[in-house]
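**Student:** Below is a structure I'd like to ask you about.
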Amino acid sequence: MIPTPDLSHLKREDYDHVYEPAEDTFILLDALEQDASELRELTPRVCLEIGPGSGCVTSFVGSILGTSCLYLTSDINAHASLCALRTGRQNKVVVDPVTANLVDPFRSRLYRNVDLLIFNPPYVLTDELEVVDAQEQGGIAGAWAGGTIGMQVTDVVLDQLDELLSPTGRFYLVAVKQNDVHNLQRRVQEKFNVQSEVVLQRRAGREHLFVVRFMR
Amino acid sequence: MVRLITHNLLACHAKGCTTNNFPLKLQDVVVEVREAEFNADFLRGFLPRIEWTALVNAAKELGDTSLPLEMPEMVDDEFLKNLHHVLLEIHVDEGAMVCPNCGHKYPIMNGIPNMLLAEHEIG
């Protein structure tokens with residue numbers, strides 16, 4: 001059993017700006033824990049989490065893989081970058097956060113160099129314009145507003161998957177039923193021949209949550 | 001924190017800036033050295049992913065000349081110790097990274113680089 005990261009240093013004010021870990025975070029932790037021994041055997045050197053929010057997930061991965069891996073995070077919300085850094089320190093994991101739009105500044109240097117890519121995206125169904133506004137503002141709404149089928153931001157990352165994943169790379173993605181999980185898996189398979197499977201799913205209140213694992 | 005390992009992975013991505021956009025030049029930096037746990041396997045595994053000249057030059061800009069100009073074929077303990085220090089223990093807490101091509105300035109505050117672009121700068 002890998003303990004959930006200590007988040008006691010984060011206060012109410014932090015959660016005014018940064019997404020507070022919830023069921024979607026915990027299902028992702030559970031999926032990663034389930035794969036912990038496989039992940040250790042793969043010896044990933046570069047882990048990149050998009051949208052770390054509080055930094056809970058990356059710190060958790062850090063407690064699985066220790067100092068054998070570099071932990072990068074990229075968040076459009078500068079407050080989230082700071083929280084990711086602090087949560088790393090609180091849990092003795094060195095996290096290197098970057099404030100950026102998705103993977104933009106890493107695209108050339110991390111070309112097929114990401115061993116472990118993680119994304120709990122803004123998957124909630126909203127108006128399309130709401131996504132654009134939320135991302136531009138870089139605030140907490142950017143953590144959930146996802147467009148008409150909740151895939152507006154996720155689609156951008158899926159389109160870049162082939163240029164991100166290393167030959168042994170894997171990608172863990174959180175989704176909800178309304179995102180049409182089967183369809184998104186099929187699209188990635190057709191486009192890049194990257195295989196995927198649902199490694200965990202559960203209902204949490206009104207949400208039906210999935211964790212999809214993509215592998216070359 | 002912008003450690004040199006991260007600096008080695010970041011390129012300018014402003015609109016139209018596709019050549020000579022790496023490595024970013026460190027400017028007005030405040031540097032702090034923080035000890036990190038040594039892990040030889042990680043260093044050996046990460047070595048092939050480093051842009052060597054960029055790392056050597058960035059270290060030099062920060063006053064560290066312990067790395068050889070060419071990546072050595074034989075990796076010994078002393079080399080790994082120096083590499084560990086340069087990649088993982090030198091932190092840029094404040095300052096900026098400037099694109100050598102278009103001059104775009106990415107600020108570093110509280111050890112975090114801000115790589116966001118304004119809407120008209122997005123490619």
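**Student:** Of the numbered conditions (1) at pLDDT 95 or above; (2) outside any helix (DSSP H, G or I), B:Gly45 satisfies every one except a single condition; which is it?
**Tutor:** B:Gly45 satisfies all of (1) at pLDDT 95 or above; (2) outside any helix (DSSP H, G or I) except (2).
**Student:** Between A:Arg86, A:Arg40, which is among the charged types (D, E, K, R), free of Cβ contacts under 8 Å to residues at least 40 places away in the same chain and either under 24 Å from B:Cys99 (Cα atoms) or surrounded by fewer than 23 Cβ atoms within 10 Å (Cβ to Cβ) (or both)?
**Tutor:** Every option except A:Arg40 fails the conditions.
**Student:** Please report, ordered by residue number, the helices (runs of 4 or more DSSP H) entirely within region A:47-161 with at least 3 residues that are away from chain B (no Cβ under 13 Å) and within 14 Å of the chain's Cα centre (by Cα).
**Tutor:** Where helices (runs of 4 or more DSSP H) fall fully within region A:47-161 and carry at least 3 residues being away from chain B (no Cβ under 13 Å) and within 14 Å of the chain's Cα centre (by Cα), they are A:56-65, A:152-159.
**Student:** Got at least one residue in region B:77-91 being away from every other protein chain (no Cβ under 11 Å) and touching a residue at least 60 places away in the same chain (Cβ under 8 Å)?
**Tutor:** For region B:77-91, residues away from every other protein chain (no Cβ under 11 Å) and touching a residue at least 60 places away in the same chain (Cβ under 8 Å): present.
**Student:** Give the residue that is surrounded by the fewest Cβ atoms within 10 Å (Cβ to Cβ), with candidates limited to residues of region A:43-59 that are out of contact with any Pro (no Cβ under 8 Å at 6 or more places or on another chain) and not charged (D, E, K, R).
**Tutor:** A:Thr43
**Student:** Also: From the list B:Val56, B:Val75, exactly one residue is more than 18 Å from A:Cys69 (Cα to Cα), β-branched (Val, Ile, Thr) and more than 17 Å from the chain's Cα centre (by Cα). Which is it?
**Tutor:** None of the others qualify; the one that does is B:Val75.
**Student:** Quick check on my filter: what residues within region B:1-38 are over 21 Å from A:Phe106 (Cβ atoms), out of contact with any strand residue (DSSP E or B) (no Cβ under 9 Å at 6 or more places or on another chain) and in contact (Cβ under 8 Å) with a residue 24 or more places away in the chain?
**Tutor:** Once the filter is applied, which keeps residues that are over 21 Å from A:Phe106 (Cβ atoms), out of contact with any strand residue (DSSP E or B) (no Cβ under 9 Å at 6 or more places or on another chain) and in contact (Cβ under 8 Å) with a residue 24 or more places away in the chain, region B:1-38 yields B:Glu35, B:Phe38.
**Student:** Right, here's the next one. Can you tell me which residues in region A:10-21 are surrounded by fewer than 13 Cβ atoms within 10 Å (Cβ to Cβ) and touching a residue at least 12 places away in the same chain (Cβ under 8 Å)?
**Tutor:** Answer for region A:10-21, where residues must be surrounded by fewer than 13 Cβ atoms within 10 Å (Cβ to Cβ) and touching a residue at least 12 places away in the same chain (Cβ under 8 Å): just A:Asp16.
The values are calculated or read from the model by the stated rules, or taken from the named source; none is laboratory data. Keep in mind it's a predicted model, so treat the numbers as computed, not measured. Virtual Cβ from ideal backbone geometry, glycine too; neighbours counted across all protein chains shown.
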